[in-house]
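Visitor: This is the structure I want to talk about, given as structure tokens.
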Amino acid sequence: MKPAPKTDDILEMAEELRWDLPRNFNDHLTEAIYAESSRLAERSVARQGQSRRMDLQNRVDRLLTSPRTGFLIMGLVFALVLWLTIVGANYPSSWLGWLLTDQAYGWLRELAFAYLPAWLAGLLIDGMFLATGWVISVMLPPMAIFFPAFTLLEDLGYLPRVAFNLDRVFHRVGAHGKQALTTAMGYGCNAAGVIAARVIDSPRERLIAIITNNFSLCNGRWPTQILIATVFLGALVPAQFAGLAATGAVFGVALLGFALTLLCSWALSRTVLRGEASTFSLELPPYRPPNLWRTLYTSLIDRTLFVLWRAVVFALPAGAVIWTVANVMVGDVTLAGWMVTRLDPLGIFLGLNGVILLAYIIAVPANEIVIPSILMLTVLLLGQGDAWAESGVMFETGTEGVSEILQTAGWTALTGVCLMLFSLCHNPCSTTIYTIYKETGSVKWTAVSTLLPTALGFIICGGVAFVWRWVQV
């Protein structure tokens, strides 16, 4: 092996070589580089008119990314995905509800009460199993539709166009353009939206996306929005326009959530998370057919089952709490009745009532059990309904039955409107809170993410209730 040449030798050789080269060597080298670059570009870049596929993609991009048509198409696509999720989930959700909360629940209840003490059988079956069954039947079908649809749009190459359209909007409020993707993911599940914030490189902008993701209505809150809008707001107009009025009200709440996302992002970026919005180079990938198996795996395994498992883990103790507050006595009243009495003043001030506030405390593990908890607590306190409802067992009934129960309890249109607003602005579910902590590693930012929407919910509901009563007077 020859020894490595010394530095002085190298410099001497370079000096000799320099004198041997022609004087215009650098010019010839530059021309050669440009010529080779031109040949590479000719082979790899398709120019206008040279490729039908490229021409078609450019025409589609002009529609999808234009300020005039891009936002309109984006809204229509979003509405279509929501419609498919809501309508398409009805049948599998009903089937799962029948399987878990009718068939399996009845069989397990009979078996448990035959071999276990009544209190333990009630806690395990009437409380924990039934709550978990409701969460699975309500949460699984929408996620199994929304996440594949979202992944399909991602694989097709449309979601980068959405980020491109919304980049300017989020950039103006001090956030990152990729927050558009995390916001969209939050409409399926806020926990998944929080996880999706990993695509944002800036820690400051990632925090903004995480904190504001709760303003996207997750699938656990859509049933509350749709049911309450149908029962209370649909009844304010002629029957032929009831569905249109309810749909408009729900869409309006969703738009309010997006406006709050922008407002809070702007406020955070100019106060506790002050800083300049970072720019990013967004490559618009070519449109391509999706890989079906990868789409199914990514959406069903990595997202749906992952989020569902966390929800189930937190739904089990929630069911135990529901059964406990309905069966444990404080003096001559149940613990639920005692708590509702003390929450009523605050609830009424906010345009709500004590039952709603207690239901949201109980339903921290999962938004899916808010309406069943409200119905169970209302029937329990009114002393109406069957023995199961009166003993703290969650149940579900049709729209007419819900309307009759809630109106008997003194609910008004104000109660319905404030419930829809509070459903948008309240603390995240425990699954999302846990996910926020795991993603941020900070108790401080987890607390901010939990308390900020709740504080806004109190302010908005209190303001609406005040104006409503002032107008009535």
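We did not get these values from a lab; they are worked out from the coordinates using the rules stated. Keep in mind it's a predicted model, so treat the numbers as computed, not measured. Cβ sites come from the backbone with ideal geometry, for glycine too, and all protein chains shown count toward neighbours.
Visitor: Take every Cα-Cα pair in segment 405-447 and report what % of them are more than 17 Å apart.
Guide: Working: 469 of 903 pairs.
For segment 405-447, the fraction of Cα-Cα distances above 17 Å is 52 percent.
Visitor: Please report the projected area of segment 198-275's Cα convex hull averaged over all directions, in nm². Please report the intermediate quantities before stating the final value.
Guide: Numbers: hull surface 24.7 nm².
Orientation-averaged projected area of the Cα hull: 6.2 nm².
Visitor: Please arrange 171, 176 by how many other C-beta atoms lie within 10 Å of their C-beta, fewest to most. Kindly include the intermediate steps, with their values, before the conclusion.
Guide: Values: 171 17, 176 27.
The most exposed by this proxy come first: 171, 176.
Visitor: Apply the Karplus curve 6.51 cos²θ - 1.76 cosθ + 1.60, θ = phi - 60°, to the phi angles in segment 334-350 and return the couplings in whole Hz, x for Gly and Pro.
Guide: Along segment 334-350, the couplings run 6, 4, 4, x, 5, 5, 4, 4, 7, 8, 4, x, 5, x, 5, 4, 8 Hz.
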